[in-house]
Each structure stands twice: as structure tokens, then as C-alpha cells.
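Below is one structure, written out as C-alpha cells, with a few remarks after it.
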Amino acid sequence: MKKTILMALMGLMTVVCAQAQTEDFPRHEVAVSYGAGSNSQWVNAFEHIATTIVTVGNVTYENETFTGPFSVEYFYHPKEWLGIGGIAVYGKNTQDVMTGSTKKGELTQAYYTLMPGVKFDWLRSNNFGMYSKFGVGATIRHEIYDGNSESVFHFNWQASLLGMEVGARQLRAFVELGVGEQGIGLIGLRYKFN
């Protein structure tokens, strides 16, 4: 009887140890990135074109600068291939509003975005990985012109169809190609931990 109990306990310990070994992967990851070609940048460009057309070229925008999109993201991995988390994005746009050749003022727009997201790691190794990432959420656009301010909410999203990361098991550099508020292309650093 003692021998049977001992064998059962050893078998149970083997199963538990084997399960622990197969689930030995970083469960948390934090990333920071910088992108280009965000949804907010595209919307801003189309708004400028529409304003110029509607005013028959009387109102134009000059000296435009766009900062960002800067992103911070966190994902928790219940499975090695599946991450569930969120993405925060910040961008800022400034430009001079011109009527003819006269500067009428400066327009500043800041974009604050929060998106719940999901990440699918479909190729994983100790030094390289490939993945896809999707997020859907909302943006607050805060606009200041001539001392007046206005804030509006709008729907936003990110679909990074191809992401590649390289580096150590815990710290990696990455690039992503896709479309959305983080940009059509972005680069960054990712830290993974248990």
C-alpha cells in the first residue's frame, strides 16, 4: 500500500513539474514605441485639405509639426501565444492658420487615446518573435485656437498585422507594420517579465 501511494505521489509530482516547465514563459510585457502615419495625422491632413477647398484657398496651414504618436502598452499572457492588455497613445499637432499671407493664429491639437487590445505571438523563440496586434478604443482630441479650447471624442483603433521583435528573452527591440493610431509603422522596446 505504501509503495502504491509513493508511486502515485511521484507520478503526480512528475505531471506537476512537467506542467510547470511547459508554462515557463514571461506572463507580462511592457512596451514603449514611436510611430508615423497615425489615424490622427491622416484625419488632420484631410481636414486641412477640406478647409482649403471649402475656402477656395483663402485659409491654409503652414509650419505644421506633428509630435508622436508615442505609445505605451501592457499585455498579460494567460497563454504563451495570447496577450490581453491595453495601449495608450499620445500625439500633438501644431500649425499656423493663415488667411491669404497673414497669420491669424496658432492651432494646437493634442490626441489622447486608450485602447484595450489583444496580441497574438505566432512565432516565438528565445531571441526572435513575430506577432500581430489589434486594439479598439477612443481618442480625446483637445484643440486650442485663439484662447478657445474644445475637446471631442472619437472612435479609434490599431491593427498591426506584422510585428517582429529581436533581442534577449526579456528585453527586445521591435518594429511593426499596420494601420491605426499607433501608425502605419512603429519602432520600440519591449520588456517581458514573470
Note: ILE144 to LEU162 extended length (0.36 nm per residue) minus current alpha-carbon separation gives 2.9 nm
Shape call for segment 39-124, from the Cα gyration tensor axes a ≥ b ≥ c (a/c under 1.5 means rounded, otherwise prolate when a/b beats b/c, else oblate), comes out prolate
Between the modelled labels at TYR34 and GLU64 (7 Å from Cα along Cα→Cβ) the distance in nm is 2.1 nm
A 1.4 Å probe over the protein heavy atoms gives segment 76-169 a carbon and sulfur accessible-area percentage of 64 percent
Number of Lys pairs in the chain closer than 17 Å at Cα, excluding neighbours under 8 places apart unless interchain, is 6
If one compares the long axis through the Cα atoms of helix 2-22 with the longest principal axis of the Cα atoms of the chain, the angle in degrees, nearest 10, works out at 20 degrees
A chain fully extended from ASP24 to VAL43 at 0.36 nm per residue, minus the present Cα-Cα distance, gains in nm 2.5 nm
Probe 1.4 Å, heavy atoms of protein chains only: per residue, the accessible area of the chain in Å² is 57 Å²
Subtracting the Cα-Cα distance of GLU106 and SER132 from 0.36 nm times their residue separation yields 5.5 nm
In the chain the DSSP beta bridges are antiparallel at a rate, in percent to nearest 5, of 100 percent
Expected sort for 42-48, 139-145 on mean C-beta neighbours within 10 Å, highest first, is 139-145, 42-48
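The values are calculated or read from the model by the stated rules, or taken from the named source; none is laboratory data. Because the structure is predicted, anything quoted here is derived from the model rather than measured. In this analysis, Cβ positions are derived from the backbone assuming ideal geometry, glycine residues included, and neighbour counts consider all displayed protein chains. Calculation scope for accessible area: heavy atoms of the full protein, side chains included, ligands and nucleic acids excluded. Shrake-Rupley method; radii C 1.70, N 1.55, O 1.52, S 1.80 Å.
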